[in-house]
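In what follows, a structure is listed as structure tokens, so that the remarks can point back to it.
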Amino acid sequence: MVTKEDIFKAISTVKDPEVGFNLVEMGLIYDAEYNPETKHVQVTMTLSTKACPLHQMILQWVEEAVLRELPEVESVDITLVWEPAWNISMADENVKKALGGA
Amino acid sequence: MAVSTDFAPPFKLIAPYFLLGTLSFIVSVLMLYGVDIDDIFQTSPQTIAWVHLFLLGFVMMVIFGAMAQLVPVVLEVGHFAVDLYYAIYPLLLTGSFMMSYGFLHSPGLLPYGGTVVLISLLIFVSETFLTINKVKRFNTVMVSVIIANLFLFLGMIFGITLALGFAGEIAVDLHALLKAHIYLVLFGYVGTTIMGISMVLLPMFWLSHSFSWRPVKTALWLISIGVVSVVLASLSDIALFGYAGYALTLAAYGFYIYQIYIIYKTRVRIEEDIYKDSLLFSYISFVVALLLGVAGFVFSNERIFVAAGFLALVGFVAFLIIGHLYKIVPFLVWYERFSPLVGKRKVPMLADMVPAYSAKFGFYYNAVGVSVTTLAIAFDQPFIFKAGVSFLLIGSIFVFKDILYMINYKE
């Protein structure tokens, strides 16, 4: 059985090349859910800026990471949301400290 | 704003803009050795030649290269015909050098150089408008792109008329046309483009959130009306239009600087890097240039006024461009070379691709160079001016070297 933690761990292999932190510690992944019947993962996430030029690539990396790290998953859907808008308080302490938001 | 990387042009198309632009920057700095600051106010051929190579060969070249990448980001549609950008940079470079040479040694060359530049700008403006034509829903940044390109188009018409007049082909009021040309291109195109693109790039690189856009929106409207007002004044001789235009421009820049301050204060990323240093120096130069400009205007001191103009160009515009090059070039190289390898093997971070010490070195030389040359103009010190130019020369060479390094980055 794939848990939410497993999915988050899989997505944590994806790093934002601009800031150097993974998407989970950045606080960009809002939710993740696994349906054991359909073997489908639904990820709800945001990006740090609407103007991110890597928009599509990051979504593709998230999908590839889940399929690569969790062999039992057969399909992934990503819902990109802008509400609630990302802010630094959503990031882990190490990110806040490194970026200067702490 | 939903951005598609599908619309991204190939890096081999954009790289020449940044390489040729920074190379033109070096040549334009070399040309400053020939500028006599005693007659810098008389719009001497050396000064005009330098201004044209600096603005067309460096500023416009880099802006156009950046726009090849940013237009799809800002407009959220693909280019109408991105391959046209392969024609823009050779024409712009050739025309810029022909014009500079024409001003210095052969005025008869000016209409030809001007026409070559005009063709390159026409291709750029046409491609941009045809791309804009695909947009379904407009936002403020898109409107700023439209306004900026309209001003550029009008500025080109005035410019080519001016070149014909300067070469003695037609009889026109050179002074009136020159004022309209400068205002349309410098404040209308470069100024509006900087304002509009700042709205995308600064919050993106600094991760600024939850702030009001009202100041920059106000600034965009004020500068647009200001530019039209000054152009009307130069064509009609109604002085009131001119004063209103200057006041509106000043007010616009006040709002714009306030917006930058808001973005800076709400930024998440506060690490020290070449981007932050360059932008801080750029905007401080801009504030000082505005204050000097007002002082020069109020006290009718032409020397201070010219020093303000020089600081605005080389301190504000050049540092803003150079700072962004250290962000944009690594991103484009990374996107082209390393993004396909994500998940397959370890890839470098964008910051790894910036030669930090070399960039810092270039920054300090350029910063000292701009400060010394501006003071030398203000206090009429030709020898000190040349010393400052030497600092700028070393700084500009470092910028070019760093661009080459980032373009050829290997792990």
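Please report the antiparallel percentage of the DSSP beta bridges confined to the range A:4-89, to the nearest 5. Each step should come with its number before you reach the end.
Values: 7 of 13 bridges.
In the range A:4-89, approximately 55 percent of DSSP beta bridges are antiparallel ones.
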Practice problem: Please list the radius of gyration and Dmax for the range B:36-83, considering alpha-carbon atoms only, with Å as the unit. | Solution: 16.7, 50
Quiz prompt | Vicinal HN-Hα couplings computed from phi for the range B:101-113 (Karplus, 6.51 cos²θ - 1.76 cosθ + 1.60; Hz; Gly/Pro x) | solution = 5, x, 4, 7, 10, 8, x, x, 7, 4, x, 6, x
Quiz prompt | FRET efficiency, B:Glu169 to B:Phe138 (Cβ-Cβ, R0 45 Å, nearest 0.05) | solution = 0.65
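Return B:Tyr112, B:Tyr326 ranked ascending by Cβ neighbour count within 10 Å, so the fewest neighbours appear first.
Numbers: B:Tyr112 17, B:Tyr326 25.
Result, fewest neighbours first: B:Tyr112, B:Tyr326.
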Quiz item: What does the charge add up to near B:Pro382, with Lys and Arg as +1, Asp and Glu as -1, over the other residues with Cβ less than 10 Å from its Cβ?
Solution: -2
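If you rank A:Trp86, B:Trp213 by fewest surrounding Cβ atoms within 10 Å, what's the result?
On the way: A:Trp86 22, B:Trp213 15.
By the 10 Å Cβ count, ascending, the order reads B:Trp213, A:Trp86.
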Quiz prompt | P(r) tail fraction, the protein assembly as shown - alpha-carbon pairs more than 36 Å apart, % | solution = 33
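Quick check on the exposure proxy: order B:Thr43, B:Thr131 from fewest to most C-beta atoms within 10 angstrom. List each step's numbers first, then the result.
On the way: B:Thr43 14, B:Thr131 22.
By the 10 Å Cβ count, ascending, the order reads B:Thr43, B:Thr131.
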Exercise. Treating each Cα of the range B:271-411 as an identical point scatterer and ignoring solvent, apply the Debye formula and state log10 I(q)/I(0) at q = 0.21 Å⁻¹.
Key: -1.15
Quiz prompt | Karplus (6.51, -1.76, 1.60) ³J(HN,Hα), θ = phi - 60°, over the range A:10-16, in Hz, Gly and Pro reported as x | solution = 5, 5, 5, 7, 9, 9, 7
Quiz item: Counting pairs of alpha carbon atoms under 8 Å apart in space and at least six apart in sequence, what relative contact order in percent does the range A:4-89 give?
Solution: 31
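No value in this document is a laboratory result; all are computed from the given coordinates. Keep in mind it's a predicted model, so treat the numbers as computed, not measured. When we count neighbours, we look across all protein chains shown, and the Cβ atoms used for this are built from the backbone with ideal geometry, even at glycine.
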